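Structure, as structure tokens:
The values are calculated or read from the model by the stated rules, or taken from the named source; none is laboratory data. No experiment lies behind these values; they were computed from the predicted model shown. All Cβ positions, glycine included, derive from the backbone under ideal geometry; neighbour counts span all protein chains shown. The accessibility values were calculated without ligands, DNA or RNA, using every heavy atom of the protein model including side chains. Shrake-Rupley method; radii C 1.70, N 1.55, O 1.52, S 1.80 Å.
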Amino acid sequence: MKRISLSEYLLQQERTQGGVGMHLRQLIESVGQSCQSIAHAINQGALAGVLGGAGSDNIQGEAQKKLDVISNDLMMQATEWGGSLAGMASEEMEHPISIASHYPKGPYLLVFDPLDGSSNIDVNVSVGTIFSILKCPAEADPTDEKVFFQPGVSQVAAGFVVYGPSTLMVLTLGHGVVGFTLDRQSGSWILTQPQIQIPEETQEFSINMSNRRNWPAPVVRYIDECLAGKGGVRGKDFNMRWVASMVADVYRILTRGGVFMYPADAKHTEGRLRLLYEANPMAFIVEQAGGAAINGHESIMDVVPKKLHQRQGVILGSKKEVELIGHYYQQHQ
Ligand code: AHG
Ligand code: MN
Ligand code: MN
């Protein structure tokens with residue numbers, strides 16, 4: 001069977017759906033290139049001396065790992081020269097950065113989490129990269145963070161890469177969700193999942209149980225009902241998984257269903273995950289795969305950001321489960 005590369009897929013999409021012009025194609029291909037470089041760095045691990053802490057904190061007060069910084073640099077270097085970007089913002093940078101003056105500017109904004117699941121690097125568990133692409137309004141100054149304050153529904157494309165047993169890229173351009181596997185021999189992303197669809201119902205949930213004492217009542221109710229199993233109101237046994245790398249947990253949900261939660265709670269009053277480069281791209285992908293993504297009260301992608309590094313409660317996955325949890329929130333109001 002003929003193998004379809006990322007480049008071919010993007011061209012095909014432009015021919016059938018439109019909206020994937022030269023700039024967007026160039027940008028997504030560059031993101032793919034940078035993720036190949038990140039994959040290589042992660043894969044070398046201790047051999048290249050890239051494990052462990054960087055000795056610095058990011059703007060959110062989190063200790064940076066060496067690979068957080070390396071991945072951030074690789075992503076910037078691979079994407080800034082191509083002429084597709086007006087500006088970019090990242091988890092690891094306090095402010096948006098504009099494109100160096102000697103490179104041409106383009107119509108898009110790139111927002112990214114260069115390395116998701118950094119706590120897993122040193123224990124050799126899957127990590128990833130998450131990205132979201134927005135349009136830069138004409139005449140806007142992309143060094144002004146307000147330019148990035150667009151709700152998730154404005155995303156043009158979103159994706160993530162999982163550096164796991166295989167290196168996988170999940171992508172949406174707003175017409176469904178597809179997956180590519182990195183073929184290291186040819187250096188190409190090959191289309192391996194042409195149509196990712198989340199099963200509607202599930203028997204699996206994903207939450208950090210150590211936060212239970214801080215959870216809001218609707219989340220306690222939902223999880224307790226899952227834990228009650230066959231003898232409880234749900235009438236079936238549930239299973240629990242928590243990788244602590246959102247990319248890996250979301251990929252599992254895209255593959256076999258389930259629900260992922262990092263709700264706002266008494267300790268993380270605004271949530272733990274970041275709206276612009278974690279919650280929004282994942283919400284876009286999950287909804288395009290037939291699932292749902294809410295913060296408890298509303299659809300994540302309707303939230304208008306007020307801060308670049310704004311946090312957000314996240315409940316996403318199989319549609320019926322997410323709706324049930326949303327219903328519990330409503331009942332509790
Ligand atoms: P990051 O490594 O980019 O800071 O993100 C980590 C996130 C997410 O990947 C994961 O689901 C969650 O934080 C893990 O949180 P706990 O450490 O509370 O389990
Ligand atoms: Mn992250
Ligand atoms: Mn990160």
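Odds and ends about this structure:
- Ligands, DNA and RNA aside, Glu270 has an accessible area near 100 Å² when probed at 1.4 Å.
- Here the Gaussian network model covers the chain, with springs between Cα atoms less than 10 Å apart; of Ile285, Ile70, Ile253, Ile70 fluctuates the most.
- In this structure, the residue pairs whose Cα-Cα separation is over 23 Å, taken from Lys135/Lys307; Lys105/Lys135; Lys267/Lys306; Lys236/Lys320; Lys146/Lys267, are Lys146/Lys267.
- Across the range 132-265, Cα pairs under 8 Å and at least six residues apart give a relative contact order of 19 percent.
- Top of Glu278, Glu323, Glu94 by mean-square fluctuation, Gaussian network on the chain, Cα under 10 Å: Glu94
- Taking Gln26, Gln17, Gln77 as the candidate residues, the one with maximal mean-square fluctuation in a Gaussian network model of the chain, Cα springs under 10 Å, is Gln17.
- Once all protein chains are placed together, Leu74 keeps about 40 Å² accessible to a 1.4 angstrom probe.
- At q = 0.07, 0.08 Å⁻¹ the log10 of I(q)/I(0) for the chain amounts to -0.27, -0.35, computed by Debye summation with a single uniform scatterer per C-alpha, solvent ignored.
- Per residue, the chain exposes 42 Å² of solvent-accessible protein surface, assessed with a 1.4 angstrom probe and all protein chains in place.
- A crude spin-label estimate for the pair Ala100 and His175, with each label 7 Å from Cα along the Cβ direction, gives 3.6 nm.
- The range 207-270 and the range 69-110 have Cα centres spaced 35 Å apart.
- Computed over the alpha-carbon pairs of the range 168-214, the distance histogram in 5 Å steps reads 5, 16, 16, 13, 15, 12, 11, 9, 3, 1 percent, short to long.
- Pair-distance distribution of the range 261-333: all C-alpha pairs, bin width 5 Å, starting at 0; shares per bin in whole percent are 4, 19, 29, 26, 16, 6, 0.
- The chain - percent of accessible surface contributed by carbon and sulfur, probe 1.4 Å: 50 percent
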